[in-house]
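Where a number appears in this text, it was derived from the coordinates with a stated rule and is not lab data. For clarity, every value in this text was computed on a predicted model and none was experimentally measured. Cβ placement follows ideal geometry from the backbone for every residue including glycine, while neighbour counts extend to all protein chains displayed.
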């Protein structure tokens, strides 16, 4: 069973992130919040696809539900002030 | 007709298509249920495809959109997103405009 810590590491290994938080303790349902400059110039679908690509096959087999919130550093700054 | 062709036909022949688990009346997954609620709140007309009744479509759609999960919303043949993105677009009123 996967832990949110493992998910966090998988994402971090596959995608350079400024901020990365992963919650979820039932092994199946997770929530990830990712801020990365790799998202700049990409629409929401493309941003999420980058996270899914970092997770690779685990996303298809072991992770049933992963809610994603993705931001560019600029969008994250705007949300926060 | 292979499954990718079948999907391409479905999403281009109908302006709004939701691939989901279950039906709008009986969604079989929380995320699919959320997608149905969002479309209902938009008052949108759409074609729902229950991927649980067709394993080929269930896997084929993930390849088609390069997106590993269900539900998936298509508007005018274009993949719009899953439940998260639908909610974000709904909250920013973009989804309502796309469906108008």
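How much length is gained on full extension from residue A:5 to residue A:45, taking 0.36 nm per residue of separation minus their Cα-Cα distance?
Contour length minus the Cα-Cα distance gives 12.0 nm.
Once you average over the residues of A:38-51, how many Cβ atoms of partner chains fall within 10 Å of each Cβ?
Going residue by residue through A:38-51 and averaging, the value is 2.
Quick check: convex hull over the Cα atoms of region B:1-80, volume per residue in Å³, rounded to an integer?
Taking the convex hull of the Cα positions in region B:1-80, it is 80 Å³ per residue.
When DSSP assigns beta bridges and you keep just the ones with both residues in chain B, what percent turn out antiparallel, to the nearest 5?
Roughly 65 percent of the DSSP beta bridges within chain B come out antiparallel.
Find the Rg to Rh ratio for the protein assembly as shown, where Rh is the Kirkwood radius over alpha-carbon pairs and Rg uses the same atoms.
With Rg and the Kirkwood Rh in hand, the quotient comes to 0.96.
Could you check the spin-label model distance between residue B:41 and residue B:66? Points 7 Å from the Cα along Cα→Cβ, value in nm.
About 3.0 nm, to one decimal.
Please report the antiparallel percentage of the DSSP beta bridges confined to chain A, to the nearest 5.
40 percent
Which whole-percent values make up P(r) of region A:4-75 when all C-alpha to C-alpha distances are grouped in 5 Å steps starting at zero?
Per 5 Å bin, starting at 0, the Cα pair percentages come out as 3, 18, 32, 27, 14, 5, 1.
Listing A:48, A:29 from the residue with the fewest other Cβ atoms within 10 Å to the one with the most, what is the order?
Ranked by crowding around the Cβ, least crowded first: A:29, A:48.
Between residue A:19 and residue B:5, take the C-beta separation as r, use R0 = 35 Å, and let me know the FRET efficiency to the nearest 0.05.
The value I calculate is 0.25.
Can you give me the relative contact order of chain A as a percent, contacts being Cα pairs under 8 Å and 6 or more apart?
Computed over chain A, the figure is 34 percent.
Taking every DSSP beta bridge that has both residues in the protein assembly as shown, what percent is antiparallel when rounded to the nearest 5?
55 percent
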